[in-house]
Amino acid sequence: MENYDNRLYPTYDEHDGAPTFVNCSLHILSFSSISASSMDYTIDIYLRQEWRDERLRHYNERGELYINDQTFRDRLWKPDLFFTNLKKGHFQDITVPNFYLRIKPKTGDIIYSSRLSLTLSCSMQLYSYPMDIQNCSMDMESYTFTTEQLKFAWKSEKAIQLIDNLVMPQFNLDDTYSYDCTSNLSTGEFPCLRAVFILRRQFGYHLIQSYLPTVLIVFMSWVSFWLDVDAIPARVTLGVTTLLTMTTLAGGVRVSLPPVSYIKAIDVWMGTCTIFVFGALLEFTMTNYLSRKRPPQRAIKPGFCGLGAKMRHQDNDKLTTTQMIFTDGNALPVPKTYKTIGSRLAGETVSDCVWRDNSQHIPDSMGWQSENSDGCETDYAASALPVMTTEEQTQKMMDEKHKKKAKVLDDRCRIIFPLSFFIFNIIYWPSYLVFLVEDYTKPPQAS
């Protein structure tokens, strides 16, 4: 090692200018912390690099040299390999530095193995989340040497090996492949290797935590259709509670995801379920409006008899009724025994009269008279007045009619809402599990 210069790559002094070849391989120990929110994953690996450095040829009767000394390692030339998509990482050094060097005596072949913990970025596409498949890569590149000086290559066709019984949270490792990703930059062509991991998200967790609760909430909102029309507190409480619960669940899903601009599969599901729950609440509003609808009342014009007015008939001292019929905007008292004289004003609204102080003379064609609170008498006439039921009877009939309409709306929604939700599920699940399923294509040079 007296004349050894670790600043020069092994083939630097060769006249043919051949680059130094470095063969790489990976042994995966664990996957952890695969995060969609930060779009990265953590991996523990054994990184093995092999190259030939003839300056280290020697004759040793014991065979290969096994070295675990950091001082000696620092004196050797090593490939300046770095990870282009690295966020953070470190060498393992518990209980001793986790690396070794193996040098063959006659050829100078070197095997350099080290254990690394890396957090690498992964550009995830979340269109089908949580039924997505992600391609996460590990890129290794030379920082200083170009392909004229250094070349990387995978050791064999199966350069990526996995530990037995590898278990990952929320994901399954479907496949791995590797290829050469040498890139030509403005500063030169630098050697590069890429390992790709195909990760399929496990759907069971999201089925239990997101999909089943939202289905139950939607079903619960439909209970309102079976409640009585007059059960207003129960229907309001049910509608508002289900809507707030749905909003809370949707917010909890968004917390674990990055704020991407496109629509994800879980967004379609949560949005549709929220619409169904909100629709049930709107249906209650419409039902309540129909059940409480009132017929329009005609306004009473000023100029009627006062509150102290006393009504009397020519043949009777007092009238025994307070029923009033509007005629041309005026309110006239009608005795209960009076039937009809015509149909000129048929269909006028019947209402109780609110008497106002006034004296107005109408020819006494019917022989009716009134005496107001001031003692004046006023004659009233109506050439054609229809006989109608009292306001209470009419209102009761209208209430029953509107309640019947509200119940019909409830009956129809009992069928429309479940049927619409069933059709949505028929479209949603095949779309994301069959037709829109994400697939991956290996590059031609991948192994």
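Computed over protein heavy atoms with a 1.4 angstrom probe, the accessible surface ordering of K158, K442, largest first, is K158, K442.
Ordered from largest to smallest accessible area (heavy atoms of protein chains, 1.4 Å probe), the residues H90, H58 come out as H90, H58. Electrostatic bookkeeping for N60 treats Lys and Arg as +1 and Asp and Glu as -1; over the other residues with beta carbon under 14 Å from its beta carbon, the sum is +2. For region 397-437, what class follows from the C-alpha gyration tensor (a ≥ b ≥ c being the square roots of its eigenvalues): rounded when a/c is under 1.5, otherwise prolate if a/b is larger than b/c, else oblate? It comes out prolate by the Cα gyration axes.
Rounded if a/c is under 1.5, else prolate if a/b is larger than b/c, else oblate: which is region 6-118, with a ≥ b ≥ c the root eigenvalues of its Cα gyration tensor? In terms of gyration-tensor shape, prolate.
Using a probe of 1.4 Å, the accessible surface attributed to K155 totals some 110 Å² when neighbouring protein chains are kept in position. Summed over the residues of region 199-302 and divided among them, the accessible surface reaches 54 Å² per residue at a probe radius of 1.4 Å. Judged by the ratio a/c of the largest to the smallest principal axis of the C-alpha gyration tensor, region 99-201 counts as oblate, that ratio being 1.5 or greater while a/b is no larger than b/c. Could you please state, rounded to a whole Å, how far the C-alpha centre of region 74-94 is from the C-alpha centre of region 163-211? Computed from Cα coordinates, the inter-centre distance equals 20 Å. Within the shell of other residues whose beta carbon sits under 11 angstrom from the beta carbon of V253, the net charge comes to +1, with Lys and Arg scored +1 and Asp and Glu -1. Solvent-accessible area of F203, all protein chains in place: 60 Å² (probe radius 1.4 Å, heavy atoms, ligands and nucleic acids excluded).
Annotation: V218 carries an accessible surface of approximately 0 Å², with a 1.4 Å probe and no ligand, DNA or RNA atoms counted.
Let me check I've understood the local charge: for A36, count other residues with C-beta under 12 angstrom from its C-beta, Lys and Arg +1, Asp and Glu -1. What total comes out?
+1
Residue ranges 172-182, 204-214 sort as 172-182, 204-214 when ordered by packing (mean number of other C-beta atoms within 10 Å per residue, highest first).
The values are calculated or read from the model by the stated rules, or taken from the named source; none is laboratory data. It should be emphasised that the depicted structure is a prediction, and the values quoted were computed from it without experimental measurement. Cβ coordinates were reconstructed from backbone atoms using ideal geometry, including for glycine residues, and neighbour counts include every protein chain displayed. Surface areas here come from the heavy atoms of the whole protein model, side chains and all, with no ligands, DNA or RNA. Shrake-Rupley method; radii C 1.70, N 1.55, O 1.52, S 1.80 Å.
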